[in-house]
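All remarks here apply to the structure that follows.
The values are calculated or read from the model by the stated rules, or taken from the named source; none is laboratory data. Bear in mind the structure is a predicted one, so any value in this text is a computation, not a measurement. Positions of Cβ are generated from backbone atoms using ideal geometry, with glycine treated the same way; all protein chains shown enter the neighbour counts. Just so you know, the surface numbers come from the protein's heavy atoms only, side chains and all, with ligands and any DNA or RNA stripped out. Shrake-Rupley method; radii C 1.70, N 1.55, O 1.52, S 1.80 Å.
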Amino acid sequence: MAITPENQQAIVLILCKLLRDSDDPIIRAKAAVSLGKLGIESTIPELYHAVSTDPDIQVRLSAIDALVLIAKPELITLMTEPSKNQNTFHINQVGSINNDEVNVQGDMVGFQYNYTFPDPKQAEAVSEFSQQLQNIRQQYPEASEAEILDIIQRALATIYQDNPQEWRGWIDLLSLVFAGGVEGIKIVAPALGIPIAMAQRLYEIYDRNRKQLPGN
């Protein structure tokens, strides 16, 4: 039986509310995946908001997948087809996806983003710093990307003067986040939920601070 436009809109509203307000990251991730399957363009702002601000990396990755499905609805048909190589991308993992391959298992879908964190320490560092970015956004909800970067830069400068040991801890954390160097920025940016340009400036801030370490 076909779903009426009214019922479809009700479903979209429920899913958007779950994505935005649920305390359970698993529910938020599944809501994002479901919105991608529906393929309704009006949900793009909600999904982009999740990509940019959700503190959970699993939810951000699900929202990215959903945006790709909306941009390329023909990929939805692959959801009912078995993968050729059975390389499954699980929603609770961060891993690499082969070029031109899409694989879905149940409600989980993965696309090629060229990201991979083979070192669990890097994945943990990315998740930790992503939470710090979320804390900044919550404290300064009206701050632009440039203002957030300025806050980080000024905070590091202050900590460097007041507590060098704590400053070293932050630089060590960022060294794990940017373990791939400049080339790794395109991998790190989606996982942090920030644009690549912002990740590049964040790397520059880290690199300037790193050069203050002894021996550099």
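What nm distance separates the two modelled labels at residue 160 and residue 183, each placed 7 Å from Cα along Cα→Cβ?
Reported label-point gap for residue 160 and residue 183 is 2.8 nm.
Given a 1.4 angstrom probe, I'd like the percentage of the accessible area of the range 1-63 that is carbon and sulfur, rounded to a whole number.
Looking at the range 1-63 in its full context, I get 63 percent from C and S.
How big is the range 173-216 on each of its three principal axes, counting only the C-alpha atoms and giving the largest first in Å?
32, 16, 15
What distance in nm lies between label points placed 7 Å from Cα along the C-beta direction at residue 4 and residue 131?
According to this spin-label approximation, the distance is 4.6 nm.
Between the range 123-177 and the range 13-43, how far is it from one alpha carbon centroid to the other, in angstrom?
Rounded to whole Å, the Cα centres lie 29 Å apart.
Could you calculate the FRET efficiency of residue 151 with residue 24 from 1/(1 + (r/R0)^6), where r is the beta carbon distance between them and R0 is 41 Å, rounded to 0.05?
E between residue 151 and residue 24, to the nearest 0.05, is 0.85.
Once you put a point 7 Å from the Cα of residue 144 and another 7 Å from the Cα of residue 11, both along the Cβ direction, what distance in nm separates them?
4.0 nm
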